[in-house]
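Working notes for the structure below.
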Amino acid sequence: MNLYEQFVAEARAHPDRVAITDPDGEDLRYATLDRQARAVHDYLAGRTEPGDRVALFMMDNPTFVASALGAWRAGCVLTLVNYRFGVEEVAFVLDDIRPEVVLTDTVFEGSAREASADVGSVESVVVAHTDSFLTEAFGDPDDAPDPVVRFDGDPAIVMHTSGTTGMPKGVVQSHRNVAAQVEAGVSVFGVTSEDVGIASVPLFHVGGFHGLTLMGLTTGGTICVQPAWDAEQWARLVEETGATLSGLVPAMMVDALNTEAAREYDTSSLRLHFYGGSPTPEPVVEGFQDTFGVERMLDYYGQTEVCGLAVTYPPGEERVPGAMGRTLPCLAGRVVDIATGEELPPGEEGELLLRGDSVMQGYWERPDRNDETFSEAEDGGPRWLHTDDVVVRGEDGLLRYVDRVDDIIHSGGEKVAPATVENVLQELDAVESVAVFGTPDDRLGETVTAAIVRADESLTEADVEAHCDSSGALAGYEKPRRIVFVDEFPRTGSQKIDKVALSERVLDELEVSD
């Protein structure tokens, strides 16, 4: 079923309810948001066919949401372009997906036109947003045709990954994939029409679009779209909207904790805050909950390849520190030996494999990559997706994250999980944020390296080493042998720490050759 139908059911039932609230502007009601979606459809109806791609390349704003709904109404496939991509990467995405139309705003109009000209396969670039929805850019909502029928297996979104290990890959998510993800999220997080969610993670990311926006708009709830990340503004928006739901990546949580102005707002309305995208040290989780008065904190483990959330806690189960939770009801998971593919017993580290309704159809026009990413199931059922994440399933059935397969540090014949070391270093009050990775070493192959942003400039390497020695939580080979202090971390478009760029910077500073 077309995902638009899930939204419009709420618009018909509650036309005057606020869909998108904006304390700094005007609220957008469900009926108005639907009229905007109809206007987008009317424009696209004469320029696209069902299955054609429409790219959204704009800042986070209500027009993004209206454009997405309108494109689905027209039977088109969305491509959500990372607005932190450079022109070369944007051109790659457009050339890869070959959209008929690019919807953009005044911020990115120049980049959109330049990238489109480079590939020569885009029919038109439409400036859909300045400070508000540009009605004149689209058609007449009263003239829009009926919504186009789309089936569960039809593609709804091609969402390109951030490309930290090469040029971006297009993840094909069907209408059923996305619907299953949203339905599961609504179920485990208990989302209702009474909830108000703050969408702070970019909308080109599953955490911002699937994880908050679609959950809210398919349950008759209200969302607030934060235009760009700012810790103080996040806290202010929570207070002014009475937000009950929030989701951030760990780096954003650290930003909020270290922003004095953010701590001055009343954010106690938050009944649930979820976090994910990268490992979150327990001190950050506990500090965030205490500081901002959050009722419940839940891990949000997932990937673009599963349309977002894959592992969290079911309703009524208390969070166990260090454990992510359990796989969603729409997914099955298994932990296997990385080398042999054999399923492992509880307590042993292995790769997490997933299959189920929210698992992507595959990578856009990448059959070679699909063959590497999926394994056939012995029972003839859905294929298993290789997540490339190392986890442990405990005797209690809970999954605990270890690290990315490629991020595991191989030092002197031992394997070191960066997340384990980061958790220990984050215990230091003088550490604002930390990232651990391997750097080349002639004797060990790789050596454990810690990059630290200090909260207290008096912190020294000796202090860090002393803490590692006294904590008792790290084996000798896990302790950092290289410690560097940096002013800030480079980040990806979804606000995660960009360890690839960071390690390159550190290598330059250390003058260590690859």
Subject >> Cα-centred dipole magnitude for the stretch 68-145, charges only on beta-carbon of K, R (+1) and D, E (-1), debye, nearest 20 >> reply: 220 debye
Subject >> Table column - 3J(HN,Hα) (Hz), the stretch 60-66, Karplus curve with 6.51, -1.76, 1.60, x for Gly and Pro >> reply: 6, 6, x, 5, 4, 5, 4
Original post:
Based on Cβ point charges of +1 for Lys and Arg and -1 for Asp and Glu, what charge dipole magnitude is obtained for the stretch 310-393 about its Cα centre, in debye rounded to the nearest 20?
Top reply: 380 debye
Subject >> Exposure proxy ranking, count of Cβ atoms within 10 Å, fewest first, for 232, 286, 342 >> reply: 342, 286, 232
**OP:** Could you list which residues have their amide H under 5 Å from that of residue 389, counting only those 5 or more apart in sequence or on another chain, with H placed in the peptide plane?
**Re:** 352, 405
**OP:** Count the lysine pairs in the chain whose Cα atoms sit under 20 Å apart, keeping only pairs 8 or more residues apart in sequence or on different chains.
**Re:** 5
Subject >> DSSP-defined antiparallel bridges as percent of all bridges, the chain, nearest 5 >> reply: 60 percent
Subject >> Computed [θ] at 222 nm, helices only, for the chain once each DSSP H run of length n ≥ 4 contributes -39500 (n - 2.57) >> reply: -8500 deg cm²/dmol
Subject >> Helix 87-97 axis, angle to the chain major axis (alpha carbon atoms, nearest 10°) >> reply: 60 degrees
Subject >> Net +/- balance of residues flanking residue 288 in space, Cβ distance below 11 Å, scoring K and R +1, D and E -1 >> reply: -3
Subject >> Lys/Arg +1, Asp/Glu -1 at C-beta; the chain dipole; positive extreme among 302, 462, 231 >> reply: 302
Original post:
Which of 425, 489, 170 sits farthest toward the positive end of the charge dipole of the chain, with +1 on the Cβ of Lys and Arg and -1 on the Cβ of Asp and Glu?
Top reply: 170
Subject >> Residue-by-residue Karplus 3J(HN,Hα) for the stretch 12-24, coefficients 6.51, -1.76, 1.60, Hz, glycine and proline x >> reply: 5, 6, 9, x, 8, 6, 6, 8, 10, 9, 9, x, 9
**OP:** Would you tally the net charge around residue 178, using a Cβ to Cβ cut-off of less than 12 Å, leaving residue 178 out, and scoring K and R as +1, D and E as -1?
**Re:** -2
Subject >> Förster-model FRET efficiency, 45 Å R0, residue 142 and residue 366, C-beta, rounded to 0.05 >> reply: 0.60
Original post:
Fully extended, how many nm does the chain gain between residue 339 and residue 405 (0.36 nm per residue separation, minus their Cα-Cα distance)?
Top reply: 22.6 nm
**OP:** Mind pulling the angle between the C-alpha long axis of helix 231-241 and the longest principal axis of the chain? Nearest 10 degrees, somewhere in 0 to 90.
**Re:** 50 degrees
**OP:** Read phi for every residue in the stretch 131-144 and hand back ³J(HN,Hα) as whole Hz from Karplus 6.51 cos²θ - 1.76 cosθ + 1.60, θ = phi - 60°, with x for Gly and Pro.
**Re:** 9, 7, 4, 8, 4, 5, 6, 10, x, 8, x, 6, 9, 5
Original post:
When the dipole is taken about the Cα centre of the chain, and only Lys, Arg (+1) and Asp, Glu (-1) are charged at their Cβ, what size is it in debye, to the nearest 20?
Top reply: 1160 debye
Original post:
For the residue pair residue 106 and residue 460, what label-to-label distance in nm results when each label sits 7 Å from Cα along the Cα-to-beta-carbon direction?
Top reply: 5.4 nm
**OP:** Take the stretch 3-228, compute every pairwise Cα distance, and split them into 5 Å bins from 0; I just need the percent in each bin.
**Re:** 1, 7, 16, 20, 23, 17, 10, 4, 1, 0
Original post:
Once Lys and Arg get +1 and Asp and Glu get -1 on their Cβ, which of 390, 138, 279 lies farthest toward the positive end of the dipole of the chain?
Top reply: 138
Original post:
So, counting K/R as plus one and D/E as minus one, what does the shell of residues with Cβ under 11 Å around residue 481 add up to?
Top reply: -2
**OP:** Two decimals is fine: what is log10 I(q)/I(0) at q = 0.06, 0.10 Å⁻¹ for the chain, from a Debye sum with one equal scatterer on every Cα and no solvent?
**Re:** -0.28, -0.79
**OP:** From the P(r) of the stretch 408-510, can you give the percent of Cα pairs sitting at distances over 23 Å?
**Re:** 21 percent
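Bear in mind that the values in this text are calculations on the coordinates, not laboratory data. Here the structure is a predicted model, which is why all the values come from computation and not from measurement. Ideal geometry is used to build each Cβ from the backbone, glycine not excepted, and the neighbour counts take in all protein chains shown.
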